[in-house]
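Working notes, structure below.
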Amino acid sequence: MAVSEGTWDLSSGSWDDLFGYRHVYIRNGLDNGTILTFHCKSKDDDLGIHTLNNDEEFKFQFRRNLFSNTVFCCNFTWNGISHRFDIYNYKRDEIYCHDCYWSIKPQRPCGIRQKTRTYDICRYDYY
């Protein structure tokens, strides 16, 4: 279930590995001319409402919480229809990505395959 390929080494003893910044990239992968509006928030942080044109990208960063249960949920809207997705979920993403790249596509969000730089890891549905 990797969004991006990476490693996480507890033996390094680095606090940055444990509590360093995580980066999330959200790309508008909808059809040409379709504007993506979204609102993302966690239990502690509200990122506000943002708009992306086709192929534009939004980036945010955060430090995971001490209890290892950080979740950022986003509401994505295009063509008057809303879709929800957890753009970052500690339980799903922590060991696979410190830099999580997502393309919001009509059918489902797709993560990036780092080796090919293509958004073809499409394992999760909107809810």
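Coordinate-derived values only; no laboratory data. For clarity, every value in this text was computed on a predicted model and none was experimentally measured. Every residue, glycine as well, gets a Cβ built from its backbone with ideal geometry; the counts of neighbours run over all protein chains shown.
You can think of it this way: the chain between Asp99 and Asn69 has 9.1 nm of extra reach, that is 0.36 nm per residue less the Cα-Cα gap. For the chain, the relative contact order comes to 31 percent (Cα pairs under 8 Å, sequence separation of at least 6). Backbone N atoms of the range 79-94 closer than 14 Å to the 7 Å Cα→Cβ label point of Thr51 belong to residues 79-80.
Values of log10 I(q)/I(0) for the range 43-84 across q = 0.18, 0.22, 0.24, 0.35 Å⁻¹ run -0.69, -0.92, -1.02, -1.38, by the Debye formula with one identical scatterer at each alpha carbon and no solvent.
In this Cβ point-charge picture (+1 for Lys and Arg, -1 for Asp and Glu), the range 10-121 has a dipole of about 260 debye about its Cα centre.
What translational diffusion coefficient, in µm²/s and rounded to a whole number, does the Stokes-Einstein relation yield for the chain at 25 °C and a viscosity of 0.890 mPa s, taking the hydrodynamic radius as the Kirkwood radius over Cα pairs? Once the numbers are plugged in, D ends up at 164 µm²/s. By the Cβ-Cβ criterion of under 4.7 Å, the unpaired cysteines of the chain are Cys73.
The slack in the chain from Asp44 to Lys91, taken as 0.36 nm per residue of separation less the alpha-carbon distance, amounts to 15.2 nm.
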